[in-house]
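Inspection log for the structure reproduced underneath, given as C-alpha cells.
The values are calculated or read from the model by the stated rules, or taken from the named source; none is laboratory data. The structure displayed is predicted, hence computed values, not measured ones. Note that we place each Cβ from the backbone using ideal geometry, even for glycine, and neighbour counts take in every protein chain shown. Only protein heavy atoms, including side chains, enter the accessible area calculation; ligands, DNA and RNA are left aside. Shrake-Rupley method; radii C 1.70, N 1.55, O 1.52, S 1.80 Å.
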Amino acid sequence: MGGGLGVRWKVHGDGRVPAPGAVVRPDERLSWPRTAGLGAQHVVAMFGASFVAPVLMGLDPNLAIMMSGFATMLFLLATRGRVPSYLGCSLSFVGVAAVIRGQGGSSATVTGAILVVGVALLLVGLAVQKFGARIIHVAMPPVVTGAVVMLIGFNLAPVTASTYWPQDQWTALLVMLLTGLAVVCLRGFWSRIAIFLGLVAGYVMSWGFDRIFGRIHAPDASGKTVDHWRLDLSGVREADWFGLPSVHGPHFSWSAILVALPVVIALVAENAGHVKAVGEMTGDPLDDKLGTAISADGVGSVLSTAVGGPATTTYSENIGVMAATRVYSTAAYWAAACFALLFGLCPKFGAVVAAVPGGVLGGITVILYGMIGLLGAQIWINNGVDMRNPLNLVPVAAGIIIGIGNVTLKFTDTFELGGIALGTLVVLTGYHVLKALAPPHLKTQEPLLDEGTSDYDEKS
C-alpha cells in the first residue's frame, strides 16, 4: 500500500553518505536525521520566494507556507513519489493581485480569481493525461507562451515604481544593488537564495537606518506622505508564538477572473519545464507523469486559495538543491512539507514577514519582476522563435505593449478588459488567426514547448 503511494523508501547504502558519483533515487533515503536535514535545506531554498509572494499579494504568509506543505504532500501522493518537487507559492500571480486590488478588489476577490485558475490548470492536466501533451503545444506554442510570461512580469513595473520604491528610495537602491551582487557573485546554493538574502539584508538595513536617522518622511503603504518608521515591529510584539493562521473564503468576480486566467499559460509552461528537468536529473523519463503533475498542482492551488492562501507551483529553487546534493529522495520533500506546516502554526513568524519594509520590497521587486518578464524571452531563445517572422512579431508586439501599458478596452460601464487579460487575448487569438490567414512561406514549423514530452506523445 505504502509503496504504491510512494511513501516507502529503501535505505541508500549505509544511510550516511552516498558513494562518490552515486545518486539517491526518489524511492531511496538516507538516515532519518540526514533526511530531516535535507528537508530543512529544501525549506530554506523555497522560503525566500514562498514568503515574498504572499507579502506582495497582501495575503497571510503563515497560511501560504502551511498550504505549500499540504500541496507538496498532495503532489507527492498524486505522482506516486516519482516526481520529487516542492510546491511553493507562485509568483506569477503577483501582478494579477496588484491589478485586482487596484480595481478595488479584496483579498477574497484575489483568491477567488486564482482559485478559478487552479481549476483551469486541473482541467488542462486531465486533458494532457487523456490526449497527450501535444494539445498544449498546438494551443500554446513557444511564441505565445513566452509573450504571456513576459507581459505578466513587465506589467508589474508600475507597482514597484509607484508603490514600493517611493516608500524609501535609498534603501530600495541599496537592496537592489546588494541583491544583484548576490545573484551574480555568489555560487551554488547561496546564489539560489539571493533574493532571500537581499531581503534579509534590507530588513536589517532598515532597522539600522531607523536607529541612526529616525523616522523617514515619505509615502507609507497607503500612499500617504507622512513621517513613519521604515521597519514597524509592533505587530511582531503582539503576535502569539503558536496559533492557526487566519483564513477566508473566496469571492468570485468576472473582471478579476479574466485578469487572472492568462496565468494558467505560465503555470503549464512551468510544470512542463520542471517535469522535464527532474526526469533528466533522475534518469527516469517522466513524460507519462506530466498530466498528473499539472493536475496535482491545480488541485493544490484550489485547496490553498479556498482557505485564503496563494496558488502553488513547482519550484526551481528546490530542483537546484537536488542538482547540488544529488539526493532526489522524496522522503526529504515529505520532511520539508512537515517543516512548512510547523512554520504555519507560528503567528509571530508571519508578523515578522509581514513587517518587511516597502523600500526593501522596492529593491527586490525591481530585479524580481524583471526576471519574471525575461523568462519569456528565455522561452523564445530556447525554442528558436524567429521574431523576424511577422506571424510571430505582430501579435506579440501588440500584446506586450497592451500588457505593459495596461491598455484597456471598455465594453460596458461595469465590464472592461485590460492589461494582462487583454494582452494575452491579443497574443493568443491574434497568433492563431494570423496563422490561419498567413501565406504558406510564413508558417514555419514551431518547435515543441517542451521537447521532454515528445516521447510521451509518441507512446500515446
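Tell me, what is the percent relative contact order of the chain, built from C-alpha pairs under 8 Å that lie six or more residues apart?
Averaging sequence separation for qualifying contacts and normalising by length gives 32 percent for the chain.
To make sure I understand the rule: partners must be lysines, Cα under 17 Å from the Cα of K130, and not fewer than 8 residues away in the same chain. Which ones qualify?
Excluding near neighbours in sequence, the set is K289, K459.
Need one number: the % of Cα-Cα pairs in region 190-310 sitting beyond the 19 Å mark.
For region 190-310, the share of Cα pairs beyond 19 Å comes to 73 percent.
For K410, K276, K289, give me the order by solvent-accessible area with a 1.4 Å probe, most accessible first, ignoring ligands, DNA and RNA.
Accessible-area ranking of K410, K276, K289, largest first: K410, K276, K289.
In square angstrom, rounded to the nearest 10, how much accessible surface does C338 have for a 1.4 Å probe?
For C338, the solvent-accessible surface is approximately 70 Å².
For region 34-164, count the residues as N, evaluate 2.2 N^0.38 Å, and divide the Cα radius of gyration by that value, please.
That works out to 1.20 for region 34-164.
Express in nm, to one decimal, how much length is gained between L244 and D284 on full extension, taking 0.36 nm for each residue of separation and deducting their alpha carbon distance.
Additional length available on full extension: 10.5 nm.
Leaving ligands, DNA and RNA out of it, work out the accessible area of D227 with a 1.4 Å probe and give it in Å² to the nearest 10.
Rounded to the nearest 10, the figure is 90 Å².
Using per-residue counts of other Cβ atoms within 10 Å, averaged over each peptide, order 161-171, 113-123, 290-300 from highest down.
In decreasing order of mean packing, 161-171, 113-123, 290-300 become 290-300, 113-123, 161-171.
At a 10 angstrom cut-off on C-beta neighbours, averaged per residue, how do the peptides 429-436, 362-369 rank from highest to lowest?
Sorting 429-436, 362-369 by mean packing, highest first, produces 362-369, 429-436.
Roughly how many debye, to the nearest 20, is the charge dipole of the chain about its Cα centre, given +1 on each Lys and Arg Cβ, -1 on each Asp and Glu Cβ, and no other charges?
Charge dipole of the chain: 480 debye, to the nearest 20.
For the chain, give the share of DSSP beta bridges that are antiparallel, in percent and rounded to the nearest 5; count only bridges with both residues there.
Once the DSSP bridges in the chain are tallied, antiparallel ones form about 75 percent.
Calculate the all-directions average of the projected area of region 51-107's alpha-carbon convex hull, and give it in nm².
Taking a quarter of the hull surface, the average projection is 4.1 nm².
Per 10 Å bin from zero, what fraction in whole % of the C-alpha pairs of the chain is there, up to the bin with the longest pair?
Reading the bins upward from 0: 4, 20, 31, 27, 14, 4, 0.
What lysines sit close enough to K443 to cross-link, taking a C-alpha to C-alpha distance under 21 Å and skipping anything fewer than 8 places away on the same chain?
Within reach: K435.
Go ahead and run the numbers for FRET between H217 and A397, Cβ-Cβ distance against an R0 of 51 Å, rounding to 0.05.
0.75
Roughly how many Å is it from the Cα centre of region 248-270 to that of region 127-171, as a whole number?
Spelled out, the Cα-based centre of one part sits 12 Å from the other.
Divide, for region 94-253, the radius of gyration over alpha carbons by 2.2 N^0.38 Å, where N is the residue count.
Dividing the Cα radius of gyration by 2.2 N^0.38 Å gives 1.36.
Ordering R134, R29 by how much accessible area each has at a 1.4 Å probe, largest first, what is the list?
R134, R29
Please compute the length gained on full extension between V226 and A139, using 0.36 nm multiplied by the number of residues separating them and subtracting their Cα-Cα distance.
Full-extension gain reported as 26.3 nm.
Taking only protein heavy atoms and a 1.4 Å probe, what accessible area per residue, in Å², does region 113-249 have with all protein chains in place?
Accessible area per residue, region 113-249: 52 Å².
What percentages, rounded to whole numbers, describe P(r) for region 246-287 computed over all alpha carbon pairs with 5 Å bin width beginning at zero?
5, 18, 15, 13, 13, 12, 10, 11, 4
Name the residue farthest towards the positive end of the dipole of region 7-165 from the options A139, G112, V23, assuming +1 on Cβ of Lys and Arg, -1 on Cβ of Asp and Glu, about the Cα centre.
Among A139, G112, V23, the one farthest towards the positive end of the dipole of region 7-165 is V23.
Apply the membrane-span-like helix rule to the chain: whole DSSP H runs, Cα extent along the own long axis of at least 15 Å, mean Kyte-Doolittle hydropathy at least 1.0. List the helices found.
In the chain, the long hydrophobic H runs are 61-78, 107-131, 142-154, 169-185, 194-213, 290-306, 330-344, 358-382, 390-405, 419-437.
Would you work out what percent of the accessible area of the chain, with all protein chains in place, is carbon or sulfur (probe 1.4 Å)?
66
Highest first, please rank the peptides 204-211, 92-99 by the mean number of other Cβ atoms sitting within 10 Å of their residues.
92-99, 204-211
Got a sec? What order do L261, L342, L425 fall in by accessible area at 1.4 Å, biggest, i.e. largest, first?
Largest accessible area first, the list is L342, L425, L261.
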